[in-house]
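In what follows, a single structure is set out as structure tokens and then discussed.
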Amino acid sequence: MRASTVGWLRSMACVIAASGLAGCAELLPKEHNEVESPWPGFGEARMAIERIEPFKTTRAELNTAGIDPYATPNVVLLTYSDIILRFPIGGSVPPERLDRGLRECLYAGKACYGYAMNLKDVKRDRTGNFWLDSLQFHRKTDVSGWTFNALILLVDDVVVYTLYGGQPLIREVETNRQPLGPLQNWGDAIPGLVR
């Protein structure tokens, strides 16, 4: 055997031995999708929005609270046109049935603008048997985290309307079983073989 082949075989043996010692589950992929925000969780973001008082809180106070599209990441500045697309006037709900702040915003024209936030912190951890996962026989993914979205409307730099929602707690398990493992999709890999 050549020296390069022997070296490669030794390297592979070390990798296999290390994976056995380290615990195979630690070798499975992990994914973390987080949108940067000033709040570490759903509860803190909710409380920040609930502290806003329509017809009293000003844009300067929002900026102090960390809600500023020019300084805070992932806060979107909405124009009047954006707001009209979200709340079309003359829809199925008559204007007099709308919330007072929303109604004032829609009638204010360009004096109305808003902030929108879509925040999330979602982790995807593959768990289970390393070999079954690697060979695509059985994959199990634990999904956890939270999502939060909010809308703040202002007229002449005073908040007139707030709304928030989201998913405070995400707990999901995704399971993918393929009895043939890597051969499961062999027909897709060889186009034209089976008609």
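The values are calculated or read from the model by the stated rules, or taken from the named source; none is laboratory data. In this text, all values refer to a predicted model and were calculated from it rather than measured experimentally. Note: ideal-geometry Cβ built from the backbone for every residue, glycine included; neighbour counts use all protein chains shown. Keep in mind that these areas ignore ligands, DNA and RNA; they rest on the heavy atoms of the full protein, side chains included. Shrake-Rupley method; radii C 1.70, N 1.55, O 1.52, S 1.80 Å.
Per-structure values
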| quantity | calculated |
| --- | --- |
| Contour excess over end-to-end distance, with Cα ends at GLN178 and GLU44 and 0.36 nm allotted per residue | 44.1 nm |
| Per-pair calculated FRET efficiency, R0 = 41 Å: ASP125 and SER92 via Cβ, rounded to 0.05 | 0.40 |
| Solvent-accessible surface (1.4 angstrom probe) belonging to THR175, in square angstrom, nearest 10 | 80 |
| Spin-label zone in the stretch 157-179 - amide nitrogen under 12 Å from a point set 7 Å from the Cα of THR58 along the C-beta vector | 157-159 |
| Calculated FRET efficiency for the pair ILE170/HIS138, C-beta based, R₀ 25 Å, to 0.05 | 0.65 |
